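Below you'll find the structure, written out as structure tokens, and then a few comments.
Bear in mind these aren't lab numbers, they're just calculated from the coordinates by the rules spelled out. Model, not experiment: these values are computed from the prediction. Neighbour counts are summed over all protein chains in view; Cβ atoms, including those assigned to glycine, are modelled from backbone coordinates with ideal geometry.
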Amino acid sequence: MDITWQDPDTGALGYVVIDTLVRGTASGGLRMRKGCTLEEVRGLAQGMTRKEAIHLREGRHYVPVGGAKGGIDFDPRAPGAKDVLERFLVDINPIMHAYWALGEDLGVRQDDIDEILARRELGSGLSAVNKLVDDPAAVEARATKAFSAIVDGVAQDELVGGLGVATSVIAALYDAGRDPRESTAVIQGFGSMGGATARYLAEAGLRIVGIADADGFVSNPAGLDVEALLATRDQFGGIDRGALRHEDQVGDRDDWLAADADVLVPAAVSYSITPDNCDRIVASLIVEAANMPVLPAAEETLLAHGVTVIPDFLANSATNAWWWWVTFGDVDGSWEDSRTIVTTTLRELTTEVLAAARDQGISPRAAAQAKVDANLAALHASDH
Ligand SMILES: NC(=O)c1ccc[n+]([C@@H]2O[C@H](COP(=O)([O-])OP(=O)(O)OC[C@H]3O[C@@H](n4cnc5c(N)ncnc54)[C@H](O)[C@@H]3O)[C@@H](O)[C@H]2O)c1
């Protein structure tokens, strides 16, 4: 189901795409970006279907729902952006209540969604799942605990996604017979995803030899001091150049791609690895933390060169799954519980998909998609 909305005041267009419904419900964030298109929202909604379905697993309270996404074609920094968001949320509210559980995405802050919905008495962004939970008070208590936890200076909800990506990297290295402690990684992006990925890769003993942010590429073949950079990072994921050490180098932000490292983690923007630039890559493993960073034609070339690409809908799925593990009670909201479920699940999923890809002579993306297709068939069968 596609909905196109038009803001009566500015004329801006907004979109909601519900790609699949499972038990009458779909999950996916809302983004605001000048130039956002229905096509983009469709692609992201399909990605949400995959990120949900890949997590079907015996014995879990969280049973995947369907995938959706919303997008508003408006500059989030322009005056009046929050008013546009408010009019969108008011008009779309019946769809949210009935079907669409939403959270923040690019250009939209969770605080703004929550403030608008509370002030306009429109319920919560997760109203659509009320019909699926037995004990709303227990859900609220777990969520409060989960979203207030700070782990070594970083909010837990900004860590779980990158912890999942790092777990996927480590599992893929072991799968290839390589020791993480003798491996190097470069990350594009140092926000929620890139920052947490860097933290947990460094913790596992990888040397983080380069990190790109919107302003440039900082690098050091001996390894960057990730915790020092995290401690001084700005709210947009910007690296404080003043926190760099004497030996650290600063270069152009596009230098990350060709850096000498075993692992590349694109964790910033979509479409960063293209047919035009993929020949510069020397890494043998790429793990997608961003959504859609590797274009299909580039992936074909990389696969032909023996590079392993772990797809976004597996590697970056932990944030979305974690919200539901908290909601449905697979975790109590604590870091200990959250860390265990993220690492166990992402390690097993990555290892399983890589083994299936090898056995069948297909790409990890195709193997992960086959798992999604089988899980979706099972979910739809139990829906009837
Ligand atoms: N946050 C999540 O839980 C989550 C979950 C799944 C997927 N994603 C995807 O991961 C990506 C990053 O999300 P985030 O929440 O970490 O964003 P963020 O806004 O917290 O951080 C973005 C980072 O990318 C850097 N950056 C921006 N443009 C760049 C460029 N051209 N070159 C190099 N660096 C650049 C910024 O400086 C910043 O460090 C997005 O594609 C997002 O859709 C995020």
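Rounded to the nearest 20 debye, what is the charge dipole size of segment 158-378 about its Cα centre when +1 sits on each Lys and Arg Cβ and -1 on each Asp and Glu Cβ?
Computed charge dipole of segment 158-378: roughly 200 debye.
Take the chain, connect every pair of alpha-carbon atoms lying under 10 Å apart with a spring to form a Gaussian network, then pick out the residue of S148, S363, S127 with the largest mean-square fluctuation.
The residue that fluctuates most here is S148.
Obtain the nm distance between the two label points defined at T37 and A214 by a simple spin-label model: each point lies 7 Å from its Cα along the Cα-to-C-beta direction.
Placing both labels 7 Å along Cα→Cβ, they lie 2.3 nm apart.
Local charge sum around R77 (other residues, Cβ-Cβ under 15 Å, Lys/Arg +1, Asp/Glu -1)?
Summing Lys/Arg as +1 and Asp/Glu as -1 gives +1.
When F328, F88, F236 are ordered from fewest to most other Cβ atoms inside 10 Å of their Cβ, what list results?
F236, F328, F88
What's the local net charge at A368, with K and R +1, D and E -1, over the other residues with C-beta under 12 Å away?
After counting each charged neighbour, the total is 0.
Given Cβ point charges of +1 (Lys, Arg) and -1 (Asp, Glu) and nothing else, what value in debye, to the nearest 20, does the dipole of the chain about its Cα centre take?
480 debye
How much length would be gained if the chain were fully extended between Y174 and R119, taking 0.36 nm per residue of separation minus their Cα-Cα distance, in nm to one decimal?
Length gained between Y174 and R119: 14.8 nm.
Students often get this wrong: which residues of segment 126-164 have the backbone nitrogen under 14 Å from the point 7 angstrom along Cα-to-C-beta of D332?
141-143, 145-146
Averaging sequence separations of C-alpha pairs under 8 Å and six or more residues apart, then dividing by the length of segment 158-378, give the relative contact order as a whole percent.
21 percent
Once you place label points 7 Å from the Cα toward the Cβ at D75 and D260, how far apart are they in nm?
Each label point lies 7 Å from its Cα, and together they span 4.2 nm.
Given the Cα-Cα distance of T344 and A98 and 0.36 nm per residue of separation, how much length would full extension add, in nm?
Contour length minus Cα-Cα distance gives 85.3 nm.
Given the -39500 (n - 2.57) contribution per DSSP H run of 4+ residues, what per-residue ellipticity at 222 nm results for the chain, rounded to the nearest 500 deg cm²/dmol?
-13500 deg cm²/dmol
Can you give me the Cα centroid spacing of segment 127-158 and segment 251-292 in angstrom?
33 Å
Can you find, among L264, G306, C278, the residue sitting farthest towards the positive end of the charge dipole of segment 260-321, where Lys and Arg contribute +1 and Asp and Glu -1 at Cβ?
L264
Using the Cβ atoms and a cut-off under 13 Å, what net charge is assigned to the surroundings of R23, where Lys and Arg are +1 and Asp and Glu are -1?
-1
Return an integer: the convex hull volume of the alpha-carbon atoms of segment 123-225, in Å³ per residue.
Spelled out: Cα convex hull of segment 123-225, divided by residues, is 146 Å³.
With charges set only on the Cβ (+1 for Lys and Arg, -1 for Asp and Glu), what does the dipole of segment 1-160 come to about its Cα centre, in debye to the nearest 20?
Dipole of segment 1-160, to the nearest 20 debye: 380 debye.
So which lysines pass the test for K51, namely a Cα distance under 23 Å, with those fewer than 8 places away in the same chain ruled out?
Qualifying lysines at Cα under 23 Å: K69, K131, K371.
Given a 10 angstrom Cα cut-off, can you work out which residue in G194, G35, G71 is the most mobile in a GNM of the chain?
In this elastic network of the chain, the residue with the biggest mean-square fluctuation among G194, G35, G71 is G35.
Of Q6, L21, A53, whose Cα points farthest to the positive end of the dipole of segment 1-54 (charges on the beta-carbon: +1 Lys, Arg; -1 Asp, Glu; origin at the Cα centre)?
A53
Could you line up M292, M193 from fewest to most neighbouring Cβ atoms inside 10 Å?
The order, fewest Cβ neighbours first, is M292, M193.
Could you list H61, H55 in order of exposure, starting from the residue whose Cβ has the fewest other Cβ atoms within 10 Å?
By the 10 Å Cβ count, ascending, the order reads H61, H55.
Defining a contact as two alpha carbons under 8 Å apart and six or more residues distant in sequence, what relative contact order in percent does the chain show?
Contact order relative to length: 16 percent.
How much of the DSSP beta bridge set in the chain is antiparallel, as a percent to the nearest 5?
Given both bridge residues lie in the chain, the antiparallel proportion sits at roughly 45 percent.
Express the relative contact order of segment 94-159 as a whole percentage, based on alpha carbon pairs under 8 Å and six or more residues apart in sequence.
Relative contact order, segment 94-159: 26 percent.
Over the alpha-carbon set of segment 158-378, work out the extent along each principal axis and list the three values in angstrom, largest first.
54, 44, 29
At q = 0.08, 0.09, 0.13 Å⁻¹, what is the log10 ratio I(q)/I(0) for the chain, with the Debye formula run over Cα points and no solvent?
-0.39, -0.50, -1.10
List the residues, sorted by chain then number, that are 5 or more residues from G107 or on another chain and whose placed amide H is less than 5 Å from its amide H.
Under 5 Å from the amide H of G107 lie the amide H atoms of M32, each far enough along the sequence or on another chain.
Positive end of the charge dipole of the chain (Lys, Arg +1 and Asp, Glu -1 on Cβ, about the Cα centre): tell me which of P136, I116, N320 has its Cα farthest that way.
About the Cα centre, the residue reaching furthest to the positive side is P136.
What Kirkwood radius, in Å to one decimal, follows from the Cα pairs of segment 2-132?
It works out to 14.7 Å.
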